[in-house]
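Have a look at the structure below, then the notes.
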Amino acid sequence: MIRVDAAEWRSTIAGFHGSGCTLFGFLTGVDRGDSVEIIGRVAHPESIEAHLISTTIPAGGTLPSLNDLYLGASWHERETGEMFGITFAGLTDARPLLRRAQQGSPPLLKSSVLVARVVREWPGAAEASDDGRRGGNPSRRRQRPAGVPEGFMQDEADGRSAIGGT
Amino acid sequence: MISLALMEVAERRTPERAYRVAGAPALRIVVLDVGLACCALEVGAAITAGLLVPDVAGPGVPKGIDATVLLISGTVTDALAPGVLRAWDAIDGARHAVSFGACANTGGPYWDAPTVTKGIDQLLPVTVYVPGCPPRPEALIAGLLRLVDETATA
Amino acid sequence: MIPDEAHGVIGLQPSACTSCMICVRECPTWCIELESHTEEVSEPGARRPKTINVLDAFRIDFGLCMYCGICVDLCPFDALAWSPGFDHAASSAGGLVHGINELVNWWPATNPSPAD
Ligand code: SF4
Ligand code: SF4
């Protein structure tokens, strides 16, 4: 994988385009915490030449679009922008594909809490001893389902608005 | 664009799109398969396996419930939901919705996804729910036979 | 036509289930619900009575189940198994939820009971 600065993202890929890698493979993002890594793949249609290029931009940042070089990049940039909350400058159609208004933060950011996991009671929270003998092992911590951060479980969130907007 | 395709499906109620259910020759239904994900392949498998037989409309062909069945097989997202509703609204006469597979039933594997509709019964009345992820082709037939029972007693 | 090992529906052998909650906690769609209580049993010759879990209810919502088989694979006591049944359509979403009475009937004939 070729790692480049964001400033060289477009020129690097344009270089490969110019040397015959006119086939767009894919483009997606990876949430790295404070930043988002963008990974793209371009290939030569008639040889085995292919390149995986990666760059990193701050969360909520901007990257120049490739959709004038590769029409096929439009869909991926549209989706990646929507799912990771970043902008592709120059992308001709950046309308959201799946998210509708008020549907919370970009779904593929790890910081996005899945509301369904918070509002639904997790059946795994029950213990076999939940019949009044609770406290047999006071040091045992309540189990928490995957994907629900601390402070978001229903009983923890009681009396405060843990979920944005509710 | 996708919702247009659904409209097209809903409007094309030609006899070739009518099926009889193997093993229940009296049942004649028009299945509009709204195939949105992998479950749709099982519907195709039911047809190629001869479980759903294309109906040759003509004299002597027994008529059964003669209803249009909107078969929703696959994941419905909130973005796509209006298209499914339009397909439903475009059906004249007797109609039934069959929810085929976990996604259409409840959201299934995407139950926690913010963009997926948690069951098509939030959009339209469902007569029969077929469980599975995906359900096998035989489960589709069992579900359609169940539909006949449901409508006979209704 | 349908093989015995087909993933049609999940059967439960209640006598093998220890209410350990592993399947409930690992199920990706949270579609298993289990209720149990503990009882003390004294075994002849044992110095102290031991505490065991007694299964009261076990429900699978097959409307949500994604047929991944994680519960079947992870159950340490082989209390869950696949069964080839497919005729389980229902006229309501709630009709896809099945409890011990149905699940025990779906315990596959080809799978010997672990209790045997
Ligand atoms: S098969 Fe998967 S989704 Fe279904 S009950 Fe088991 S763990 Fe849950
Ligand atoms: S993993 Fe097996 S033993 Fe444990 S609760 Fe589930 S079915 Fe019972």
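The values are calculated or read from the model by the stated rules, or taken from the named source; none is laboratory data. No experiment lies behind these values; they were computed from the predicted model shown. We place every Cβ from the backbone using ideal geometry, glycine too, and count neighbours over all the protein chains shown. When the accessible area is computed, the model is the full protein with side chains, heavy atoms only, and any ligands, DNA or RNA have been set aside. Shrake-Rupley method; radii C 1.70, N 1.55, O 1.52, S 1.80 Å.
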Two pseudo-spin positions, 7 Å from Cα along C-beta at A:ASP68 and at A:THR22, lie apart in nanometres by 1.8
Treating only Lys and Arg (+1) and Asp and Glu (-1) as charged, each at its beta carbon, one finds that segment A:2-89 has a dipole about its Cα centre, in Debye to the nearest 20, of 40
Interface residues of segment A:79-115, defined as losing at least 20 Å² of accessible area versus the chain alone with a 1.4 Å probe, are A:LEU98, A:ARG100, A:GLN103, A:PRO107, A:LEU114
Once both label points are put 7 Å beyond Cα along the C-beta direction, the A:ARG3-C:ASN105 separation in nm becomes 6.0
1/(1 + (r/R0)^6) with r = Cβ-Cβ of C:GLU26 and A:THR92, R0 = 45 Å, i.e. FRET efficiency to nearest 0.05, evaluates to 0.50
Surrounding charge for A:ALA14, neighbours by C-beta under 13 angstrom, Lys/Arg +1, Asp/Glu -1, total -1
Over all viewing directions the Cα convex hull of segment A:2-89 casts an average projected area in nm² of 5.0
Reduced to Cα centres, the span from segment C:51-83 to segment A:77-128 in Å works out to 30
Note to self: Kirkwood Rh of chain C, Cα pairs, one decimal, Å, is 15.1
The local net charge around A:LEU98, scoring Lys/Arg +1 and Asp/Glu -1 for residues other than A:LEU98 whose Cβ lies under 15 Å from its Cβ, equals -1
Distance in nm between C:SER91 and B:CYS38 label points, each 7 Å along Cα→Cβ, equals 3.2
Taking r as the C-beta separation of C:PHE77 and A:GLU150 and R0 as 35 Å, the FRET efficiency to the nearest 0.05 is 0.65
Full extension between C:LYS50 and C:GLU5 adds, at 0.36 nm per residue less the Cα distance, a length in nm of 12.4 nm
Ordering A:LYS110, B:LYS118, C:LYS50 by the accessible surface of their heavy atoms, 1.4 Å probe, largest first, yields A:LYS110, C:LYS50, B:LYS118
Plugging the Cβ-Cβ distance of A:VAL30 and A:ARG120 into 1/(1 + (r/R0)^6) at R0 = 22 Å yields, to the nearest 0.05, a FRET efficiency of 0.20
Note: B vs C interface, total accessible area buried (1.4 Å probe; ligands, DNA, RNA excluded), nearest 100 Å², is 1800
